[in-house]
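As structure tokens, the structure follows; a few thoughts come after it.
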Amino acid sequence: MKLSLLPSFFKTKKKALIVPDSLLLKKIKSLSQNSNLTILSHKEIFHHKESYPIALMLYDDLRGIYIFEIKEWSYGDLKNATASKAKGVESSNNTLAFDKMHTNIKKKFNKLLHNDGVEIFNYLLMENLSSDEYEHLDDSLQEMLPKEKIIFSDSDTSEIFKKLQSVAPEDHTLPSKDLILGTLFVQYAIVKADRVSFCNEEQREFIDKKISKLENLTAVPKSGKSYMLLLKSIKELFKKERKKIILIKPTILSKGVLRKHLSELIEHAVIDIDLMAFEILTPVELVNRHLMKLKMPLCEDRLYIDKKLMQKSFDVADLIICDNADIMPSYFLSYLKHIQKRSDLLLVNDNSQEATSIFSQSYTPLEREVYFYQTHPYAKALHLISSLLKSADPSDIVVVCSQENREKLQEDLDSFIEDETLLLDASKYLIEQKLDSILLATYGDIVELETKHAILVDLCFDNRQQILYACNIPSQTLHILYREESHEYRKLKGEI
């Protein structure tokens, strides 16, 4: 048998590659545990309307990208084979004719980074060929399939690691893993303030997972859950796995913040998806669509579910995702379960049901400082704001309190400081509000809000979820003000 080594000889077919966790693959995956290697199996690169499957990739932030072609050839398949180099295929120590994949990767880098990115190294993964069997192959095959570029079935972990390290010397000037992998795999890229981060393993598993019927994602605070919902939606729309996705956010303001993140993400991704197939709605907006269909009076500011809605079907989307289910009314969650009986529904932090996916990793900065003050809350709030303004921008300060008391606090601040304050209104769109001032918000206003410094007053423990949410919006300092010590405050100190 004569094998002609055309580029297509190694070319990955455009279909989903299922990589079994064989003993050899487990050895390779184990390399990431005590090294600077990041290992990704059966992933895809998205670019415009195309997707390019990659069976196995490693990223070494001291050398570059390793691409593995997985081959099932046995000694019996190759023992009588010879090989000839196809016309136009140049011999190289760094390539096994993965030409098209290299082109696709560099195309992505050049489009987003305006350079070729990092070096790309190619290897073959021979699940059914040992190193001893390789020595008995024809010389022409060995020339085309150099031994140092093959991981054999009997290769041990140290040998594999040595082969990977020997491909190039360490280069400490390479871009970060987040930038390189977040550029290649935009479905796992978190893009905020011109910074790209790469999703962790449990986030990537969630994005790739198929949602079926009713499921619940449980996520700790600051786990990136809302952004993951965007990434999951984008991936499913790109792959045409969904015709329509609706994402529910509690307020108009939180919807606007998430929509802003979506715009930044789409601009970074360089992929073509039908944005008309994806909507972010509030509960009132969703219910009003149902009411309009039935020609019934609409909800105004207050959400309610007419009993007729629970008797009628409403095929509004094949996937509805309800973020912040823990602060949604239970009757609204019951309504969602009713209208999605024949479709799929993902609830996020629904405390009434068992989790089917979990985000356990929090990205709350370790250096964040938390202070509890038993004092006169409003006098202390004025003093804290004045102190923070000596080193912080006004837009980095949020005060959370009750509706009635924040207006009084605004009056006091107008005579106490020179900086402007804003009464945040979550029922208004993001573009309607000037968020470059000190923000005075209620506990119902702050979904999707982020800040550096937060001052919490008027804690009402009847709604602990809102309090816990408020405690997690600042990245640098959290100040909790109260008049009297209680069991609830002592419990809160232990929780945060």
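The table that follows gives values for the structure above.
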{"read-out": "Candidate set: the stretch 214-223, residues that are at pLDDT below 95 and surrounded by fewer than 20 Cβ atoms within 10 Å (Cβ to Cβ); chosen: the one nearest to His48 (Cα to Cα)", "value": "Lys222"}
{"read-out": "Residues of the stretch 273-326 classified as in a helix (DSSP H, G or I), surrounded by fewer than 16 Cβ atoms within 10 Å (Cβ to Cβ) and polar (S, T, N, Q), total", "value": "1"}
{"read-out": "Qualifying residue in the stretch 458-476 (condition: farther than 25 Å from Lys225 by Cβ and touching a strand residue (DSSP E or B) at 6+ places or on another chain (Cβ under 6 Å))", "value": "no"}
{"read-out": "Some residue of the stretch 263-280 being of a type in the set (A, V, I, L, M), closer than 23 Å to Gly444 by Cα, modelled with pLDDT under 95 and outside the structural domain of Leu449 (by TED's automatic domain parsing)", "value": "no"}
{"read-out": "Any hit, the stretch 384-391, residues being part of a strand (DSSP E or B), surrounded by 17 or more Cβ atoms within 10 Å (Cβ to Cβ) and not acidic (Asp, Glu)", "value": "no"}
{"read-out": "Residue list for the stretch 392-419, restricted to those being assigned to a loop (DSSP other than H, G, I, E, B) and surrounded by 13 or more Cβ atoms within 10 Å (Cβ to Cβ)", "value": "Ala392, Asp393, Cys401, Ser402, Ile417, Asp419"}
{"read-out": "Single condition Tyr59 does not satisfy, out of (1) at pLDDT 90 or above; (2) under 21 Å from Phe152 (Cβ atoms)", "value": "(2)"}
{"read-out": "Residues located in the stretch 458-487, provided they are modelled with pLDDT of 90 or more, within 32 Å of the chain's Cα centre (by Cα) and part of a loop (DSSP other than H, G, I, E, B)", "value": "Leu459, Asn472, Ile473"}
{"read-out": "Among the candidates Ile180, Ile207, Ile211, residue that is in contact with a helix residue (DSSP H, G or I) (Cβ under 7 Å, 6 or more places away or on another chain) and either surrounded by 14 or more Cβ atoms within 10 Å (Cβ to Cβ) or not in a strand (DSSP E or B) (or both)", "value": "Ile207"}
{"read-out": "Every residue from the stretch 346-383 that is under 23 Å from the mean Cα position of the chain (by Cα) and either outside any loop (DSSP other than H, G, I, E, B) or among the hydrophobic types (A, V, I, L, M, F, W, C) (or both)", "value": "Leu346, Leu347, Val348, Ala355, Ser357, Ile358, Phe359, Leu366"}
{"read-out": "Per-region count, the stretch 155-177, residues surrounded by fewer than 14 Cβ atoms within 10 Å (Cβ to Cβ) and either touching a Cys at 6+ places or on another chain (Cβ under 7 Å) or outside any helix (DSSP H, G or I) (or both)", "value": "8"}
{"read-out": "Hey, Leu459 surrounded by 15 or more Cβ atoms within 10 Å (Cβ to Cβ) and under 15 Å from Asp326 (Cα atoms) or not", "value": "no"}
{"read-out": "Residue count for the stretch 103-147, restricted to those that are in contact (Cβ under 8 Å) with a residue 12 or more places away in the chain, more than 30 Å from Leu174 (Cα to Cα) and in a loop (DSSP other than H, G, I, E, B)", "value": "5"}
{"read-out": "Matching residues in the stretch 183-204 - criterion: being part of a loop (DSSP other than H, G, I, E, B) and in contact (Cβ under 8 Å) with a residue 60 or more places away in the chain", "value": "Phe185, Asn200"}
{"read-out": "Single residue of Ala193, Ala189 found to be within 17 Å of Leu113 (Cβ to Cβ) and of a type in the set (Gly, Ala, Ser)", "value": "Ala189"}
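The values are calculated or read from the model by the stated rules, or taken from the named source; none is laboratory data. No experiment lies behind these values; they were computed from the predicted model shown. Cβ: placed from backbone, ideal geometry, glycine included. Neighbour counts: every protein chain shown.
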